[in-house]
1. Do we find a residue being farther than 22 Å from residue B:280 by Cβ, of a type outside the set (D, E, K, R) and over 13 Å from the mean Cα position of the chain (by Cα) anywhere in the stretch B:107-128?
2. Is it the case that the stretch A:65-85 has a residue that's at pLDDT 90 or above, within 9 Å of DNA strand D (Cβ to nearest atom) and either within 25 Å of the chain's Cα centre (by Cα) or of a type in the set (Ser, Thr, Tyr) (or both)?
3. Quick check on this structure: which one of B:50, B:43, B:77, B:110 is open to solvent by 70 Å² or more (accessible area, probe 1.4 Å) and in contact with a Lys or Arg (Cβ under 9 Å, 6 or more places away or on another chain)?
4. Test residue A:291 against the stated conditions and say whether it is open to solvent by less than 50 Å² (accessible area, probe 1.4 Å) and in contact (Cβ under 8 Å) with a residue 60 or more places away in the chain.
5. (1) assigned to a helix (DSSP H, G or I); (2) touching an Asp or Glu at 6+ places or on another chain (Cβ under 9 Å); (3) among the aliphatic types (A, V, I, L, M): which one isn't true of residue A:290, the others all being true?
6. Do any helices (runs of 4 or more DSSP H) entirely within the stretch B:154-271 hold 3 or more residues that are under 35 Å from the mean Cα position of the chain (by Cα), and if so, which?
7. Can you find a residue in the stretch A:87-96 that is within 11 Å of chain B (Cβ to nearest Cβ), away from DNA strand C (no atom under 16 Å from the Cβ) and surrounded by fewer than 15 Cβ atoms within 10 Å (Cβ to Cβ)?
8. Among the candidates B:281, B:201, B:209, B:194, which residue alone is open to solvent by less than 20 Å² (accessible area, probe 1.4 Å) and either free of Cβ contacts under 8 Å to residues at least 24 places away in the same chain or within 14 Å of chain A (Cβ to nearest Cβ) (or both)?
2 protein chains.
Amino acid sequence: MKHLRILTYVAEVARHGAIRRAAERLNITPSALTRQIQDLEYELGTPIFERVAQGMRLNAAGELLVRHIRDQRADLERVRSQIADLSGVRRGHVALACSQAFVNHVVPDEVEAYRAQFPQVTFTVQVRDHVQAVAALAQFEADLALVLQPPPSAEMQVLFSCRQTLCALVRAGHPLARETGPVRLRDCLAHPMALPDRSLAIRHHFDEALARRGSPLGAVIESSSLEFLRNLVLREDVVSLQVPSGIPDDPRLRSRPIDARDLGPMSLILAQLRGRTLPVATAKFADRFAGSLHQRYGGAGASDT
Amino acid sequence: MKHLRILTYVAEVARHGAIRRAAERLNITPSALTRQIQDLEYELGTPIFERVAQGMRLNAAGELLVRHIRDQRADLERVRSQIADLSGVRRGHVALACSQAFVNHVVPDEVEAYRAQFPQVTFTVQVRDHVQAVAALAQFEADLALVLQPPPSAEMQVLFSCRQTLCALVRAGHPLARETGPVRLRDCLAHPMALPDRSLAIRHHFDEALARRGSPLGAVIESSSLEFLRNLVLREDVVSLQVPSGIPDDPRLRSRPIDARDLGPMSLILAQLRGRTLPVATAKFADRFAGSLHQRYGGAGASDT
DNA sequence: GCCTGTGTTGCCCGAATCGCAACGGGGCAG
DNA sequence: CTGCCCCGTTGCGATTCGGGCAACACAGGC
């Protein structure tokens, strides 16, 4: 939208903390940018940036303004979506922040299903850990977040939640794959393990159980990439960990839930920023997503407005 | 505000239901107006007005948009008012890093006095040692620093400085409390001492004097907490050290300055980061603070910009 | 028919905006 | 201390965009 050009400039300078870098991102020259900022500051009657040697730093006034800009853009997006909605063609954009565990099939399946019906709706899917996901919501970088075990935050409004039991993931030939049904933790620990690292909620959950148990940790491999761990499991007789929603439908893989006596379930949560009115397309997608998660995993949608 | 020119046009056309009348009110020609409206409709991908013989009538989409425009304008007005407020010193935030010695009454008194007049101004007070305080300034974690004996640094711009003579601190019944006026260092050393540890500037200053004198150190207690030392002095006949601004008004405590022949005064400094333009509220607070420190302890404000 | 109101379009001008190059200043390694 | 780099800023010329003027097309009332 044309009329928010200047506001976009401000937001970008605030993001990068420097006019030159922001100018590059905006495909204009620093001179044009500095002039726009100066004009705006003149209009407001007060500077909104502190000029420091390293660049531009938001002022107290600037902080207020940038928040306004974010709100204003989100609101406009909502209005545009509403307008598109009533003109028949459903258009819109959904920005989703999700944990790694869901990029395998949960999110892609849902996006595909939604786009099959409304091809005009576009998506941005950012992979973030549980902390970053909440931050993304708060900063309007994401409309929805799908995460495991999020830190309790008053800013989040839960749209759906359920429990997921951690599973041991091995390849078909692995000794643990000889049986089905729950597996005890000690049986897993008897084998070399390939674990998510501490940037992932799964690991935190696992470490807690281990700490209670007092067992030493026998991780031979750590990675921040679940996909890497999965590929490793296919190549070696190692045991990895995964939540059910992160396990692909691959005949070469076997998974068995960890016995409930050893490890409690993790929470899976779909959430938005509290108090925000989502654009129509986004709200509709969120609603369907909650429904299909319920169908897959049980659990409950939260029905407060 | 410039950036909502187009939105104002839309609102005005909606109000009057006719481009020509709206154009008259806006002091532009109908042609300019109709073009702007067309551009906007093109951007939105849908008309927002119905063209009827009598003029322009708002569409369903237009209704939504006009509501958004109204909200948008109100919100901007709110933000502008907030900004005006904080440039009027009535709002704002002050982040102060200070030494432990000042949390007893110097800083609380000043903050209370300032907030009595400007309750919208909020404060963050971090207790840091003299090295960390300077670092906090440099990293924009603090706007102001109030410290004893700061390391000389070109980054700091002194807003106020004065001298403080170290005092021996004892409880009312202590032998040293029988007299008033300056006390010699050897008389202090004759008693068991409870001293700040080396994380505090007071201790460095004291150790220097001791090294010059070649005396052995008779510290029986060391602590990084001045409050702890004070509470100890109340319970035992030990001698502690404190600067005047760190001594609470407690009838159970007595203090006597160390004789100037034994120990030079320490410097107390209020400073900001050199070259930084502080927010109005912060600058005003700093100014008052310097004034009230001057009134209490003498010394001089530095008047370079 | 005429007249008056509406929105719209072509042409032109002036101002806002932008790009380019250069300037002044602070941080930083040599 | 010096040279270098990156920062924001400024002067100037080119471009784009917003706006004014006049004319056009259409609808309704007399």
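The values are calculated or read from the model by the stated rules, or taken from the named source; none is laboratory data. Just so you know, these numbers come straight off a predicted model, no measurement behind them. Positions of Cβ are backbone-derived with ideal geometry, glycine not excepted, and every protein chain shown enters the neighbour counts. Note: areas computed on protein heavy atoms with side chains; ligands, DNA, RNA excluded. Shrake-Rupley method; radii C 1.70, N 1.55, O 1.52, S 1.80 Å.
1. no
2. No, every residue in the stretch A:65-85 fails to be at pLDDT 90 or above, within 9 Å of DNA strand D (Cβ to nearest atom) and either within 25 Å of the chain's Cα centre (by Cα) or of a type in the set (Ser, Thr, Tyr) (or both).
3. Of the residues listed, the single one that is open to solvent by 70 Å² or more (accessible area, probe 1.4 Å) and in contact with a Lys or Arg (Cβ under 9 Å, 6 or more places away or on another chain) is B:50.
4. Taking the combined requirement at face value, the residue does not satisfy it.
5. (2)
6. Passing ranges, in order: B:201-213, B:226-235.
7. yes
8. That would be B:281, the only listed residue that is open to solvent by less than 20 Å² (accessible area, probe 1.4 Å) and either free of Cβ contacts under 8 Å to residues at least 24 places away in the same chain or within 14 Å of chain A (Cβ to nearest Cβ) (or both).
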